[in-house]
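So the structure is just underneath, and the comments pick up after that.
No lab work stands behind these numbers, since they all come straight from the coordinates. Everything numeric here is computed off the predicted structure, so don't read it as measured data. A quick note on method: Cβ atoms are made from the backbone with ideal geometry, for glycine too, and the neighbour counts reach across all protein chains shown.
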Amino acid sequence: MDDELVQNMTMEDWIEETLAFATRHHSHDHSGHGSDHVVRVWQTARMLAEKARLRGEEADLTVLELAALLHDADDHKINPGGHSAEDHLRSMGLDPQTAERVLDTIRPISFSVSGAHPQFCTLEQKLLSDADKLDAMGAIGVARAVAYGAAHGRALYGSGETTIGHFHQKLLLLREAMQTPEGLHEAETRHRFLEDFLNELEREVQYSNK
Ligand code: ADP
Ligand code: NI
């Protein structure tokens with residue numbers, strides 16, 4: 001990017017550039033990390049941050065929004081060992097301190113890094129983790145899991161590794177990993193939907209076996 005352009009960038013420009021970067025970067029993904037996931041996580045994170053602000057906890061929106069848009073850019077399924085988030089922040093001329101806070105927000109949020117009971121230090125980490133996990137729950141969570149299972153040739157249910165197995169190994173544990181009151185509130189609704197889906201699926205499979 002042109003040096004003069006970079007120097008005059010505002011927060012809105014950084015977000016816009018990063019949204020465009022993320023949309024390009026995630027456009028060919030089939031692992032459940034398409035740009036639609038990134039955009040939902042970004043919007044959910046903003047919404048949760050607004051609710052947190054109303055109860056008196058204020059997140060740094062520049063850090064949170066950039067972290068949300070870049071949170072899966074270097075996921076091992078997309079860009080193993082990559083530094084594309086860091087490279088992108090540098091290319092926009094973001095000051096190193098803010099860039100480091102963005103990267104520090106992204107680092108611990110992956111389920112594989114932090115497990116079902118993560119310990120987070122900053123409000124931005126908590127909000128991003130909640131927003132990311134909410135996207136694996138509820139109707140969206142069911143749709144993503146079924147799509148992932150189909151793309152990987154897995155059976156929906158039965159023996160061996162199945163999509164329904166993933167609900168029990170991961171999706172039903174996410175409610176317990178929520179970090180903010182507003183994330184937990186939405187997680188309760190989405191968790192109930194996961195349980196209703198599993199119960200109804202079981203009922204229909206039993207019905208067809210009678
Ligand atoms: P995150 O976006 O938090 O990094 P993952 O990479 O674990 O999440 O998964 C991306 C999406 O794919 C999620 O919706 C998740 O439920 C789904 N998924 C991951 N592994 C499986 C699996 N083994 N079976 C079904 N769905 C899966
Ligand atoms: Ni994600």
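Computed about the Cα centre, the dipole magnitude for the stretch 1-68 is approximately 540 debye when only Lys and Arg (+1) and Asp and Glu (-1) carry charge, each at its Cβ. Taking Cα atoms only, the orientation of helix 181-209 departs from the longest principal axis of the chain by about 30 degrees. Classify the stretch 146-210 from the C-alpha gyration tensor, please: rounded if a/c falls under 1.5, else prolate or oblate depending on whether a/b exceeds b/c. Note, shape of the stretch 146-210 comes out oblate.
Taken over the stretch 14-85, the percentage of Cα pairs per 5 Å bin, counting from 0 up to the bin with the maximum distance, is 3, 17, 26, 22, 15, 9, 5, 2. Taking the 0 to 90 degree range and rounding to the nearest ten, how far is the long axis of helix 123-134 tilted relative to the main principal axis of the chain, both from C-alpha atoms? It is inclined by approximately 30 degrees. Amide H contacts under 5 Å for residue 155: 163, restricted to partners 5 or more places along the chain or on a different chain, H placed in the peptide plane at 1.01 Å from N. Per the Kirkwood formula applied to alpha carbons, the stretch 56-99 shows a radius of gyration over Rh ratio, Rg over Rh, of 1.04.
Between the listed residues 31, 194, 61, the Cα displaced farthest toward the positive end of the dipole of the chain, a dipole computed from Cβ unit charges relative to the Cα centre, is found at 194. Among the listed pairs 51/77; 77/170; 77/133, a Cα-Cα separation exceeding 20 Å is found for 51/77.
When Rg and the Kirkwood Rh are both derived from Cα coordinates, the Rg/Rh ratio for the chain amounts to 1.02.
The alpha carbon convex hull volume per residue for the stretch 89-178 rounds to 119 Å³. Entry note, the chain: relative contact order of 20 percent, from Cα contacts under 8 Å with a spacing of 6+ residues.
Relative to the first principal axis of the alpha-carbon coordinates of the chain, what is the inclination of helix 138-151, with its axis defined by its Cα atoms, in degrees from 0 to 90 and to the nearest 10? So the inclination is approximately 80 degrees.
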